[in-house]
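Okay, structure first, notes after.
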Amino acid sequence: MTLIKSISGIRGEIGGKVNDALTPIDIVKFACSYGKWLQDRHNGKIKIVIGRDARISGPLVQSLVISSLQMMGIDVINLDLSTTPTVEMAVVWESAQGGIILTASHNPKQWNALKLLNEKGEFISAADGQRILDIASEESFDFAKVGDLGSIKTVENAIDLHIEKIMDLPLVNGDLNKKKPLKIIVDAINSTGAIAIPKTLEALGYTDVEVMFSEMHGDFEHNPEPLKDHLKALSDRIIETKADLGIVVDPDVDRLAFVCEDGSMFGEEYTLVAVADYILDHTPGNTVSNMSSTRALRDITEEKTAYKAFSSAVGEVNVVEMMKKEDAIIGGEGNGGVIYPTLHAGRDAMVGTALFLNHFVNTDKSMTEFRDQYPSYTIAKKKIQLTPQINVDAILSSMEEKYRNNYEVNTIDGVKIYIEKEWVHMRKSNTEPIIRIYAESSNEQSANNLADRFIGEIKELI
């Protein structure tokens, strides 16, 4: 079994032994440690927003977390089935001191996690995360007396409130169907995208919408990571129904990808590129993406504006930190994560959908033609499974040593090697026991060849 403690939260497989998986004991311990961290950080009564995706273990994990916090004297605002960006926003509008999202994002159904937020509705920093781990290790938290137990309030319309705030944005307009009628297929992967994305499309004026895998039982119809290999059913349905496009999200609705009218991928990397293109047309400024994202964002930023595109370490908290530092007007990650700080500082597939479609309707192009207007790069995304015996840091250090004399090498997050107009980025995942290998080139074959070359070199070291 697996239990991973990182800046991305406490993530693990359900079942197994304590401290070796996400067991009830671990869930209670880390929920209480987070509660204690908030009590130390704030004076007075603590209030925490809780929301979950639809995975199978969700109701049980939710019950354990809520009960543990109440036993500490903490009030809980329960959104129940929700999305990661909705919980982030609700922390602010509920004036809460923190929030917990119960989701393992793109991980398979046997996983779940506690993703932890601060009072701004943003993911906690690495330093704060370490403090919570220390509290858990020491078990230095106290429980309230019976007269001081926390309360619970259920909020049932949080996604609707989220959509209202999206529709209030200056760059988001409704009635798009009158401007450009579209037939849209949505892959909701048996989670809360089945609520959030159709409601977002309805607010934008679209009613010719078909939702695949809309039953929110969490027994995912396919691998929940929104990648090409997992989306054949969606592609086939788009072609069969002659739809104009497809939309797919991950189980907690913070990653967003589009599929074109011919069933081809618009490209998860190009979700952010297209949205940034729209934003830059109206509000020029700096942009930010992580080191594993396509350089196409840099191309359009420099082409359209006198501003710069910056690269951060991988991880949403790192992207947000750099966006604040560089006063970026749009940012995100190449995994389909759009961060639009005018709304809030978190990846949000709902606002991403609204901004993307507001851009698309201003063209007379099909989705394939729309995609072809952007610089053509392809990123191969691969991974190597790890075992506890593998020293990842030593492997990456060896790769840096091998290439640093002849090529530009960046070690801000793993090792990134620039080879003429290509690059390869190797890093240890924060969420899974793997090494991620991303390689970008001018076409799919050359990107795959580059990635496979470095996988071979790493395996030789292993």
Quick count over the stretch 181-210, residues being open to solvent by less than 30 Å² (accessible area, probe 1.4 Å), β-branched (Val, Ile, Thr) and either under 24 Å from Ala276 (Cα atoms) or more than 22 Å from the chain's Cα centre (by Cα) (or both), is 5
Counting residues that are among the polar types (S, T, N, Q) and closer than 26 Å to Val273 by Cβ, which strands (runs of 3 or more DSSP E) fully inside the stretch 351-462 reach at least 1?
-> 378-385, 408-410, 434-441
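Using the structure shown, decide if Val92 is surrounded by fewer than 19 Cβ atoms within 10 Å (Cβ to Cβ), of a type outside the set (S, T, N, Q), in contact with a Gly (Cβ under 7 Å, 6 or more places away or on another chain) and part of a helix (DSSP H, G or I).
Answer is yes for this residue.
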If you check Lys199, Lys242, Lys232, which single one turns out to be closer than 26 Å to Ser441 by Cβ and of a type outside the set (Gly, Ala, Ser)?
-> Lys232
Name the residue, out of Lys120, Lys145, that is under 18 Å from the mean Cα position of the chain (by Cα), of a type outside the set (Phe, Trp, Tyr), open to solvent by 70 Å² or more (accessible area, probe 1.4 Å) and modelled with pLDDT of 95 or more.
-> Lys120
Of the criteria (1) open to solvent by less than 100 Å² (accessible area, probe 1.4 Å); (2) out of contact with any Gly (no Cβ under 9 Å at 6 or more places or on another chain); (3) closer than 20 Å to Gly334 by Cβ, which one Thr378 fails = (2)
Quick one: which of Lys153, Lys178, Lys165 is in a helix (DSSP H, G or I), exposed (fewer than 15 other Cβ atoms within 10 Å of the Cβ) and in contact (Cβ under 8 Å) with a residue 24 or more places away in the chain?
-> Lys178
Of all residues in the stretch 366-393, which are farther than 28 Å from Met426 by Cβ and among the polar types (S, T, N, Q)?
-> Ser366, Thr368, Gln373
Being open to solvent by less than 10 Å² (accessible area, probe 1.4 Å) and touching a Leu at 6+ places or on another chain (Cβ under 8 Å) is the filter; apply it to the stretch 95-110 and report the residue that is farthest from Glu221 (Cα to Cα).
-> Gly98
Hits in the stretch 352-407 - residues which are farther than 30 Å from Glu457 by Cα and in contact with a Leu (Cβ under 7 Å, 6 or more places away or on another chain) | Gly352, Thr353, Ala354, Leu355, Leu357, Asn358, Val361, Met367
May I ask you to verify whether Phe213 is aromatic (Phe, Trp, Tyr), surrounded by 17 or more Cβ atoms within 10 Å (Cβ to Cβ) and free of Cβ contacts under 8 Å to residues at least 60 places away in the same chain?
-> yes
Of all residues in the stretch 395-418, count the ones that are open to solvent by less than 70 Å² (accessible area, probe 1.4 Å), over 12 Å from Ile435 (Cα atoms) and without any contact (Cβ under 8 Å) to a residue 40 or more places away in the chain.
-> 6
Could you tell me whether the stretch 80-87 includes any residue that is among the polar types (S, T, N, Q) and either open to solvent by 10 Å² or more (accessible area, probe 1.4 Å) or assigned to a strand (DSSP E or B) (or both)?
-> no
The one condition in (1) touching a residue at least 12 places away in the same chain (Cβ under 8 Å); (2) surrounded by fewer than 22 Cβ atoms within 10 Å (Cβ to Cβ) that Gln373 fails to fulfil = (1)
Where in the stretch 266-340 are there helices (runs of 4 or more DSSP H), lying fully within it, with 2 or more residues that are modelled with pLDDT of 95 or more and open to solvent by 20 Å² or more (accessible area, probe 1.4 Å)?
-> 268-282, 316-325
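When you go through Asp75, Asp20, Asp26 one by one, which is the residue that is acidic (Asp, Glu), closer than 19 Å to Gln110 by Cβ and surrounded by fewer than 20 Cβ atoms within 10 Å (Cβ to Cβ)? If you could, list the steps in order and put the result at the bottom.
Details: Asp75 fails: closer than 19 Å to Gln110 by Cβ; Asp26 fails: surrounded by fewer than 20 Cβ atoms within 10 Å (Cβ to Cβ).
So the residue among Asp75, Asp20, Asp26 that is acidic (Asp, Glu), closer than 19 Å to Gln110 by Cβ and surrounded by fewer than 20 Cβ atoms within 10 Å (Cβ to Cβ) is Asp20.
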Selected residue (criterion: nearest to Asn335 (Cα to Cα)) from residues of the stretch 216-247 that are touching a residue at least 12 places away in the same chain (Cβ under 8 Å) and touching a His at 6+ places or on another chain (Cβ under 6 Å) | Glu225
State whether the residues of the stretch 219-238 include one that is part of a strand (DSSP E or B) and in contact with an Asp or Glu (Cβ under 8 Å, 6 or more places away or on another chain).
-> no
Over the stretch 34-58, the set of residues open to solvent by less than 30 Å² (accessible area, probe 1.4 Å), closer than 20 Å to Ile77 by Cβ and of a type outside the set (Lys, Arg) is Tyr34, Gly35, Trp37, Leu38, Ile46, Ile48, Val49, Ile50, Gly51, Asp53, Ala54, Gly58
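The values are calculated or read from the model by the stated rules, or taken from the named source; none is laboratory data. Just so it is clear, the model here is predicted, and its values are computed rather than measured. All Cβ positions, even for glycine, are placed from backbone atoms using ideal geometry, and neighbour counts span all protein chains on display. The area values use the complete protein model at the heavy-atom level, side chains included, leaving out ligands, DNA and RNA. Shrake-Rupley method; radii C 1.70, N 1.55, O 1.52, S 1.80 Å.
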